[in-house]
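Structure first, commentary second.
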Amino acid sequence: MKTGKQRTLYVLKNLLLLIYAVFALFPLIWMILISFKSDTEVFTTTFLFHPTLANYREVLIRSDYGRYIRDSVVVSGGAVLVSIIVGVPAAYALARYNFPRKEDLAFQILSYKFAPEILVVLPLFMIYQKIGLYDSYLGLIWVYQLISLPLLIWVVRGYFEDISVEIEYAAQVDGYSWYQIFFKMLVPLIKPGLVSSALLAFIFAWNSFTFPLILSSNKVYPVTVAIMKYLGTDSAHYGQLAVASTVSALPAMIFALCIQKHLVRGLSFGAVKG
Amino acid sequence: MAAKKKSNEKSDLNKVPFSTRVRPYMIVAPSLIITIGIMVPFAMAIWYSLTNYSFKLPNHKFIGIQNWVNMLGDASFWGAVKISVLYGTISTVIEMLLGLGVAILLNNLNNGLSKVLRVLLVFPLMIAPVTATIVWQLMLNSSVGIVEKLLNIFGVYNFPWAAAPGTAMMTVILIDVWINTAFIILLVLAGLQSLPKSPFESAKIDGGSAWFNFINLTLPMLKPSLYIALLFRFMAALQEYAIIFALTKGGPGDSLMSLSLTAYQKGFKFQKFGAAIPYILVLWLIINIAAKRIVNRQRAAQKQAAGLEE
Amino acid sequence: MKKLLALMLAGVMLACSLAGCGAASETPAPSNAGSTEKQTVESSTPASTASEATGEFDWKKFDGEEITVLFSEHTYADAVEEKLSEFTEKTGIKVNYSSMPEGNYFEKLNVELSSHSGSIDVFMTGAYQSWEYATAGNLEPLENFINTDLTSPEWKYDDFIPAVIDALKWDLVPGHAVGSGSQWALPMGWEVNILTYNKKILADHGINPPKTAEELLEAAKALKEFDGSGTYGLAVRGLPDWGTIHPAYMSMYSTWGAKDFEIENGKLVSKVNSPEAVAMTEYWVDLVKNGSAPQWSTYGWEMCGADLGAGKAAMMWDADRGGYTQNTPGSSNEAGNMAFGMVPYPTSAGKTEADMKSNLWVWSMAMNADSAKKEAAWYFMQYFTSPEFMLWSGVEKACTDTPRTSVLEDPAYAESVAGAEGYYEAFSTISKNASIFFTAQPYFTETTTEWAKTLQYLVTTDKYSSVQEAMDELKATMDELVSDLEVE
């Protein structure tokens, strides 16, 4: 049973968490509230108002919104997928093998994050136009690697490094193939790192604005660029903007919900560290 | 034990057949190939910085380091460096501390509240920075904002937030913290939840307070993850411009003109692209130096943590 | 009114004579290379002024062509988008249309144009931007097409309101006023900058709609916090970019008799520290500090309109469209309460109603000089600036700031804007004296950004001990910015 001191500590912890939660979540709630307000009520009411679905209708049905979401899903999802396929083995190699210039290579990959987008976007624009990648899914997926790959590799490398090499040797000795070792044993152990960095990479790719603005035009139109159009032209439709942003955040929210159970490291083969 | 292993591997390297030696490079190759393409635009950008490339002129010509000289002589350049570093550092530090604290609380408490919040607290990151800034701007607005109404209850009226030079920086940092603490929380939480149980079990047998365990067990094992989070967050914070641009476009006056924003304004608004590049390259350099330092510490922490876990 | 009518009659007469005997038009001669090194003026049809020998204009001449159009998100663009299929049906020209949100539109456009690849054939631009694009050689001089046999006789170039169409003409010499030179773009819609006020709030507080600058200052100060904290008298923009200078500030600046630049010894010299300029700016800083939004320096047109519509600002001085759209039913809390004034003039500086000057903004469409499909692009442009289309968009599609006299005079149009009290009158009156009061030069963006920053310093900080000091420093900065321009 909890002592008095333990109980106050417990209450304190919950309180602190709650305070932060209010800070973090209130603007989101407020934004959702606005999405249900008509233009006349956006500024003059707070919690009591006449809810309307007009904004939702305007954004989701009347405009091309579904298509923007689709483009974003294809480009961001595709980018993260490529990063995982290419990055996880790379992370493994950087964790396990000891080869010359290893740290330099790792740093090199990291260095792609040093270059602000605005530095490279203009030359990229010209290059893309020349090689025909302008306004294409492939073009954006490729460029998004700069956003997702370094994060994925570095986080996952850390998780690989935490796994003692002896486990692999032991499994090898036991006769398991590299395929089995990798997928059945290693991957569950790096799951928290993999899914958290994949989610983050997805979010960053999704929210990327400069690249899609400059490097694509009307064939590929991710939702981050399109959201700005709901600000309207003669008068700002904040309610519509709220709808567009809320719905735009949904895929990432769904992704986050799905990975929750994977955030806890899996145990397999009875392999526990140490 | 780990050190001995490594030296064994090194000496074995010479006896290892070529195909095995080449294997790591082969595995890393795709990542490199995919991203090496960025070197070309990077080199192009450097080239442009040596010309008077501007959208307004039909042609551009080589002018050597004139753009660089102009930048160093520009009074606002040093201000921009200061603003970039200040913004990057303060927001990252706040986010690290806050994120670490919240992640620990989430990990520590195992009740319904924490389980729900584990998912919900990542949501602020999912809102595009520009939209988040607009939402905050509306909330902080002195005419129609809800935060203003809240402050009125406490007798505070017309707090300037982003409209006055003295409070503009703290406003953008506030928004940055709101969005990005989630990043730290997620990474640290993942790290916390994958810490091995055995060291803690041994510690329990040995006795010792929770705080002692935290400092001497949790923290060192967590450090590699912490450094990674710090690294990526700091790099991004130094480059941040979307929030500042959406909020005040760099104003009031020059109070928020960071290096990114200055380069953006010069390059995309004033269309003097050649003159804008040096500013970003300086930013690139700052990030490079900072990253190197943090990476070195991360590698050291990684080794230390591996030792602890053996 | 009478002046406009006379002009229209003259225009109609001229148009008739033009169609009749194909005499030399009154459009200015095409500009020659001038200060641009690269000017590709290619057109498969000779730039002649031959008229239509036979009757019918061949709309299907470029059947099968495809053009790419990039517009900024706007009501004008929406109207165009709606009629795209009709256009394709009529001409057989396929249109690859895309639009970008206004806030990022010019960045995108700049990048596209800078590559000189001709990827975009027709795009939207504003008058100021066209100075920059024309200097860079991105714009095709349209007189190559107007009054040639590529233009339908029903198009009626002279039907455009003179102030508006002239705003898009420039001879590429920095310092020379707009109004002569090549026709760089065609107007889609335009805005004058007049006072919008909430007549209910003003009446409730016993304030008469201000007509002079002094009355405006008094009213704005009296209305500070008229309904508690956060409410104020006059909404004006305050962000550090050209948008803060161009609507209200520049209108009053010019009304006060001040100029931004003058030509001295073949150089552009900034006049922002002249006595009138300083007097006006002192007035403005007083107005903003004591009568405008507490967070003025972060205000763009969105927030100004939002405050007006929410009943937090009693008045707004910005684009007429901004006030108009807050007034249409269902658009805001205070919809229906707005009325329109004109440009407050400073009696202290001896100005009268006749001196009212409004700066104007023209959304227009231009043709890419690197386009490979210029004729088809021209067909697009003339279709969507035709009297027929503009009457439709003006009456049905809320494109209320029409650039065509015929639409302005049309009873259906007058009726459609009748709901906004004073709007029609203000718009018609002010449009006579409206012009672009900025000196045409390609560093417009830089100079106005510095200008806006100076205003911000004056309002939010104590950096300068006096307005004169601030303007002196601004003058030096502006002189430096334009120092490499060659003026005749």
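Each value in this text was obtained by applying a stated rule to the coordinates, not by laboratory testing. All figures in this text were calculated on a predicted structure; none of them were measured in a lab. Backbone-built Cβ (ideal geometry, glycine too); neighbour counts: all protein chains shown.
Less than 14 Å from a label point 7 Å out along the Cα-to-Cβ axis of residue C:269: which backbone N atoms in the range C:444-475 qualify, by residue?
C:475
On a 0 to 90° scale, report how tilted helix A:4-35 is relative to the longest principal axis of chain A, with both axes built from alpha carbons and the result rounded to the nearest 10.
Approximately 50 degrees, to the nearest 10.
With a cut-off of 8 Å between alpha carbons and a minimum separation of six or more residues, what is the relative contact order of chain C in percent?
Relative CO of chain C lands at 23 percent.
For residue C:183, enumerate residues with amide H under 5 Å from its amide H, sequence gap 5+ or separate chain, H modeled in the peptide plane.
HN-HN under 5 Å from residue C:183: C:142, C:143.
Report, in degrees rounded to the nearest 10, the 0 to 90 angle that the Cα long axis of helix C:467-481 makes with the longest principal axis of chain C.
With both axes taken from Cα atoms, the answer is about 20 degrees.
What distance in nm separates the simple spin-label points at residue B:97 and residue A:258, each placed 7 Å from Cα in the Cβ direction?
It works out to 3.8 nm between the two label points.
Using the alpha-carbon centroid of each, what span in Å lies between the range B:191-233 and the range A:53-71?
One Cα centre to the other: 46 Å.
Past 32 Å, Cα to Cα: identify those pairs from B:82/C:267; A:102/A:191; A:13/B:82, in the order given.
Pairs exceeding the cut-off: B:82/C:267; A:13/B:82.
Most exposed first by the Cβ proxy, i.e. fewest other Cβ within 10 Å, how do C:316, B:257, A:126 rank?
Going from least to most buried by this count: A:126, B:257, C:316.
Only helices at least 27 Å long along their axis, Cα-based, and averaging -0.5 or more on Kyte-Doolittle count here, so list those DSSP H runs from chain B.
B:75-108, B:165-193, B:219-239, B:273-309
If you add up the charges near residue B:155, with Lys and Arg at +1 and Asp and Glu at -1, over every other residue whose beta carbon is less than 15 angstrom from its beta carbon, what do you get?
0
Given H placed 1.01 Å from N in the peptide plane, which residues other than close sequence neighbours of residue C:404 have an amide H under 5 Å from its amide H?
For residue C:404, the qualifying residues are C:161.
Hey, what angle do you get for helix C:444-460 against the long axis of chain C, alpha-carbon based, 0 to 90 degrees rounded to 10?
It works out to around 10 degrees.
Within 10 Å of each Cβ in peptide A:197-208, how many partner chain Cβ atoms are there on average? Round it to a whole number, please.
4
Can you give me the relative contact order of chain A as a percent, contacts being Cα pairs under 8 Å and 6 or more apart?
So the answer I get is 29 percent.
Apply the Karplus curve 6.51 cos²θ - 1.76 cosθ + 1.60, θ = phi - 60°, to the phi angles in the range C:287-300 and return the couplings in whole Hz, x for Gly and Pro.
Each residue of the range C:287-300 in turn: 4, 5, 4, 10, x, 10, 4, x, 9, 3, 6, 10, 8, x Hz.
Counting only the backbone N, which residues of the range A:226-258 are under 19 Å from the spot 7 Å out from the Cα of residue A:74 toward its beta-carbon?
Of the residues in the range A:226-258, A:226-227, A:248, A:251-252 have backbone N under 19 Å from the label point off residue A:74.
Taking the Cα centre of the range B:156-254 as origin, work out the dipole magnitude from +1 charges on Lys and Arg Cβ and -1 charges on Asp and Glu Cβ, in debye rounded to 20.
140
So which lysines can residue C:200 reach, going by Cα to Cα under 30 Å and dropping same-chain residues fewer than 8 places off?
A:37, B:149, C:211, C:221, C:224, C:289, C:312, C:351, C:357, C:397, C:432
Once the piece of chain linking residue C:414 and residue C:353 is laid out straight, how much longer is it, given 0.36 nm per residue of separation minus the C-alpha distance between them?
Fully extending the segment from residue C:414 to residue C:353 adds 19.6 nm.
Under 11 Å from a point 7 Å along the Cα-to-Cβ line of residue C:154: which residues of the range C:383-397 have their amide N that close?
Once the point is set 7 Å along Cα→Cβ of residue C:154, C:386-389 turn out to lie under 11 Å by backbone N, inside the range C:383-397.
Label residue B:300 and residue A:176 with points 7 Å out from Cα along Cα→Cβ: what is the distance between them in nm?
About 3.6 nm separates the two model spin labels.
How well do other chains shield peptide A:101-109, expressed as the mean number of their Cβ atoms within 10 Å of each residue Cβ?
That works out to 4 on average.
Could you tell me the calculated FRET efficiency between residue B:113 and residue B:167, based on Cβ-Cβ distance and R0 = 22 angstrom, to the nearest 0.05?
About 0.10, to the nearest 0.05.
Starting from the Cα-Cα distance between residue A:130 and residue A:102, subtract it from 0.36 nm times their residue separation and give me the gain in nm to one decimal.
Extending this stretch completely gives an extra 6.7 nm.
Would you tell me the mean number of C-beta atoms belonging to other protein chains that fall within 10 Å of each C-beta in C:102-112, as a whole number?
Other-chain Cβ atoms within 10 Å of each residue's Cβ, averaged: 6.
Once you place label points 7 Å from the Cα toward the Cβ at residue B:201 and residue C:89, how far apart are they in nm?
Computed distance between label sites residue B:201 and residue C:89 equals 7.8 nm.
For chain B, what class follows from the C-alpha gyration tensor (a ≥ b ≥ c being the square roots of its eigenvalues): rounded when a/c is under 1.5, otherwise prolate if a/b is larger than b/c, else oblate?
oblate
Can you tell me the FRET efficiency between residue B:156 and residue A:8 if r is taken as the Cβ-Cβ distance and R0 is 25 Å, rounded to the nearest 0.05?
0.20
When a footprinting reagent is the concern and you count Cβ atoms within 10 Å, what order do A:117, C:214, B:95 take, fewest first?
Lowest to highest Cβ neighbour count: C:214, A:117, B:95.
When the Cα centres of the range C:293-366 and the range B:236-271 are compared, how far apart do they sit, in Å?
Centre-to-centre distance over Cα atoms comes out at 28 Å.
What list do you get for C:392, C:242, C:363 if you sort them by fewest beta carbons within 10 Å?
With the sparsest Cβ surroundings first, the list reads C:392, C:242, C:363.
Starting from the amide H of residue C:194, placed 1.01 Å from N in the peptide plane, find each other amide H under 5 Å away whose residue is 5 or more places distant or on another chain.
C:318, C:320
Between residue B:21 and residue B:212, what FRET efficiency follows from the Cβ-Cβ distance if R0 is 30 Å, with the result rounded to 0.05?
Given R0 = 30 Å and the Cβ-Cβ separation, E is 0.10.
When a/c is below 1.5 the answer is rounded, else prolate if a/b is larger than b/c, else oblate, so apply that to the protein assembly as shown with a ≥ b ≥ c taken from the square roots of the Cα gyration tensor eigenvalues.
It is prolate, given that a/c is not under 1.5 and a/b is the larger ratio.
Under 15 Å from the Cα of residue B:269, which aspartates and glutamates turn up, not counting those fewer than eight places away in the same chain?
Cα-Cα hits under 15 Å: C:102, C:107, C:112, C:132, C:241, C:446, C:450.
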